[in-house]
Amino acid sequence: MADIETVFTNARLPDGSLKNIGVAAGRIVSLEPAGKAAGPVEAVDLEGALVVPGFVEGHIHLDTSFYGDAWIPHKPCTNGFDVHQRVAFQAENMAQAAPMAERARNQLDLCIANGATAMRSHVMVDGSVGLRSLETILKVREEYRDLIDIQLVAFPQSGILKSPGTPELLDAAIGLGADLIGGLDPASFDRDVTAHLAVVFGIAEKRGVDIDIHLHDAGTLGLFTIEEICARTRALGMGGHVTVSHAYGLGDLQQDAANKAADLIAASGVSIMTNAPGNHNFPPVALLRKAGVTVFSGSDNIRDSWWPYGDGDMLRRAEIIGYRSGFYTDDELAAAFDVVTAAGAKALRLEGYGLEIGAKADFVTLDTPHIPQAVVSVPKNRKVFKAGRLVAQGGAVIR
């Protein structure tokens, strides 16, 4: 065992036990009962605060948020929710926004201060912006490498088939440093599920990267697309490496159809991301989890062209998911918490996640006695530790 560098004393773990957490080289190397002498090392008294693993911000858009910028009034679609029109509004708003790097830093500071220690961000890569947005966000990621782990998805916001040159740009994005390949509504946006998915899965297979596809389509159209994604995932042996984000259509299904869909998704190893948005049906979290599907979450948009909401707080997101799902019992509230922590870590395939010996010393303190109460009360007085170092406290990042 490595020599302990820091001992975090009087940490209340989720099981209720009080422990001393020994840390060396950014990893947890010991978990001893509280009260045991720390020895001749630095000791940090957590004073009985609840200690939980860092939150996983599993779906966000660092390049398109206006958080910290001038307020931009929301512009509604002219005839109900329309992805094409929202994309057009986004382009108009981005033209008058502050520099992307500045806005991305603002959003990162917000998320880190709220306890996120890992993140997956989608970044536009298509014929409308080329690789410029990705190049900017890659530089910002490097600036924040000691504060948060960030995965980047090459995201074709303007479509793959409708946006000339996008297949080549997506492939180049992986070579430039993006970690995953994305997609967007293969049926309703590009109007060709087979061709759209052929590009996405083709690049993933060629480059050896994971997939995260935006899917807003409702009802049976959304279900059909999920079935096609699951079929390709199984055919290529990519279980555990593919995510469908949003998957609104799963929330439109009758019970029997939802059960069958859940079993299909579980068997394929596809993960589902939901942020439980207020104006859409969303995937049935409890039903999917019962079937064995990995369901995780993210803030998605924060004060951008899609909606003015979002606070970068994954504990608040757990509350929203629990509230909208009708979760009331302690077990259900713990499930909502799992969606923003361990389930997110599984979907993102994070190495060394958790409160156990050998895991990264990435954790958050909460002023509450246990997880169910944390979900419903969303305590804000938090300390955030990354690799055993205090990186945020009192709602502000420490550098």
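Some observations on this one:
- Number of residues in the range 368-395 that are more than 25 Å from GLY16 (Cβ to Cβ), open to solvent by 50 Å² or more (accessible area, probe 1.4 Å) and assigned to a strand (DSSP E or B): the value is 1.
Quick grid of which residues meet (1) within 20 Å of LEU180 (Cα to Cα); (2) touching a residue at least 12 places away in the same chain (Cβ under 8 Å); (3) assigned to a helix (DSSP H, G or I); (4) touching a His at 6+ places or on another chain (Cβ under 9 Å):
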residue: HIS196; (1), (2), (3), (4): yes, yes, yes, no
residue: PHE201; (1), (2), (3), (4): yes, yes, yes, no
residue: LYS206; (1), (2), (3), (4): yes, yes, yes, no
residue: ILE211; (1), (2), (3), (4): yes, yes, no, yes
residue: GLY222; (1), (2), (3), (4): no, yes, yes, yes
residue: CYS230; (1), (2), (3), (4): yes, yes, yes, no
residue: THR233; (1), (2), (3), (4): yes, yes, yes, yes
residue: THR243; (1), (2), (3), (4): yes, yes, no, yes
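- Flag if ASP69 is open to solvent by 10 Å² or more (accessible area, probe 1.4 Å), under 22 Å from GLY352 (Cα atoms) and either touching a helix residue (DSSP H, G or I) at 6+ places or on another chain (Cβ under 7 Å) or outside any strand (DSSP E or B) (or both): no
- When residues in the range 73-95 are screened for being open to solvent by less than 50 Å² (accessible area, probe 1.4 Å), in contact with a His (Cβ under 8 Å, 6 or more places away or on another chain) and over 21 Å from SER133 (Cα atoms), 0 of them pass.
- Odd one out for GLY183, checked against (1) in contact with a strand residue (DSSP E or B) (Cβ under 8 Å, 6 or more places away or on another chain); (2) over 23 Å from THR225 (Cα atoms); (3) small (Gly, Ala, Ser): (2)
- Subset of the range 321-331 (residues that are open to solvent by less than 50 Å² (accessible area, probe 1.4 Å) and of a type outside the set (Gly, Ala, Ser)): ILE321, PHE327
- Qualifying residue in the range 68-87 (condition: among the small types (Gly, Ala, Ser) and within 25 Å of ILE174 (Cα to Cα)): no
- Residue match in the range 283-303 (condition: touching a Phe, Trp or Tyr at 6+ places or on another chain (Cβ under 6 Å), outside any helix (DSSP H, G or I) and at pLDDT 95 or above): no
- Pick from the range 40-62, criterion at pLDDT below 95 and in contact with a strand residue (DSSP E or B) (Cβ under 7 Å, 6 or more places away or on another chain), ranking: least open to solvent (accessible area, probe 1.4 Å): VAL41
- When the residues of the range 96-109 are filtered to those that are among the hydrophobic types (A, V, I, L, M, F, W, C) and crowded, with 24+ Cβ neighbours inside 10 Å, the one that is nearest to the chain's Cα centre (by Cα) is LEU108.
- Members of the range 245-271 that are within 21 Å of the chain's Cα centre (by Cα) and not in a helix (DSSP H, G or I): SER245, HIS246, ALA247, GLY269, VAL270, SER271
- Scanning the range 125-149 for residues that are in a strand (DSSP E or B) and open to solvent by less than 20 Å² (accessible area, probe 1.4 Å) yields ASP126, GLY130.
The values are calculated or read from the model by the stated rules, or taken from the named source; none is laboratory data. Remember, predicted model here, so these are calculated numbers, not experimental data. Cβ sites come from the backbone with ideal geometry, for glycine too, and all protein chains shown count toward neighbours. Remember, those area values only see protein heavy atoms, side chains included, never the ligands or the DNA or RNA. Shrake-Rupley method; radii C 1.70, N 1.55, O 1.52, S 1.80 Å.
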